[in-house]
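A.B. asks: Starting off with a structure, shown below.
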Amino acid sequence: MATVSEYLKKPYGRLLVPEEEGGYRAEIVEFPGCFAEGDTAAEAAANLEDAAQSWLEATIAKGQTVPEPMEELEYSGKLVVRLPKSLHRHAAYAANRENVSLNQFIVSSIAEQIGAYRFSIFNSNRLSLTFEVRVATGNSRLLAEGFHAQTSFAPSSASVKLVTSGV
């Protein structure tokens, strides 16, 4: 078994995210529950290394397995998934409507979910959009202006609220 310092030299994924309220949070992706915070990015990163050392010491002391870095794992590109017959049928129908193979539909669906997950990590589950809509009639009269949209975004749900002003 490797030592704590040997583990810390491996290419574990470190995630550093600015917090909306200020400061930064950091985590090691492969170590569940291993995270740290700091007022600056450098402070959060330094605190993460201390947290990782403590996390590794506790994991090793308990006789638990330390995960390998995701970067060192090999993937074949093949994945066998068992799913309910009804979900299989619905996926096949959806793929047929999109005029793609079931495999391509599933790959696209997974990619979409991963994109939503990454977006939510880096955007604190909030998105605010402001845009202006101008609609002209034959005499170029302004009908609508100043729409504002706000949405709360999570990988499994989204809500949109439109507020109009200046109509």
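A.B. asks: Among the residues of the stretch 26-36, is any surrounded by 17 or more Cβ atoms within 10 Å (Cβ to Cβ), in contact with an Asp or Glu (Cβ under 7 Å, 6 or more places away or on another chain) and part of a loop (DSSP other than H, G, I, E, B)?
C.D. replies: yes
A.B. asks: In the stretch 37-68, how many residues are outside any helix (DSSP H, G or I) and either assigned by TED's automatic domain parsing to the domain that holds Gln104 or over 24 Å from the mean Cα position of the chain (by Cα) (or both)?
C.D. replies: Qualifying residue count, the stretch 37-68: 4.
A.B. asks: Which condition from (1) of a type in the set (Gly, Ala, Ser); (2) in contact (Cβ under 8 Å) with a residue 24 or more places away in the chain; (3) touching an Asp or Glu at 6+ places or on another chain (Cβ under 8 Å) is the one that Gly23 breaks?
C.D. replies: If we test Gly23 against (1) of a type in the set (Gly, Ala, Ser); (2) in contact (Cβ under 8 Å) with a residue 24 or more places away in the chain; (3) touching an Asp or Glu at 6+ places or on another chain (Cβ under 8 Å), just (2) comes out false.
A.B. asks: Given Ala58, Ala41, Ala92, which one is of a type outside the set (Ser, Thr, Tyr), under 14 Å from Arg14 (Cα atoms) and surrounded by 10 or more Cβ atoms within 10 Å (Cβ to Cβ)?
C.D. replies: Ala41
The values are calculated or read from the model by the stated rules, or taken from the named source; none is laboratory data. Note that this is a predicted model, so its numbers are computed, not measured. Here Cβ is always computed from backbone atoms with ideal geometry, including for glycine, and neighbour counts include all displayed protein chains.
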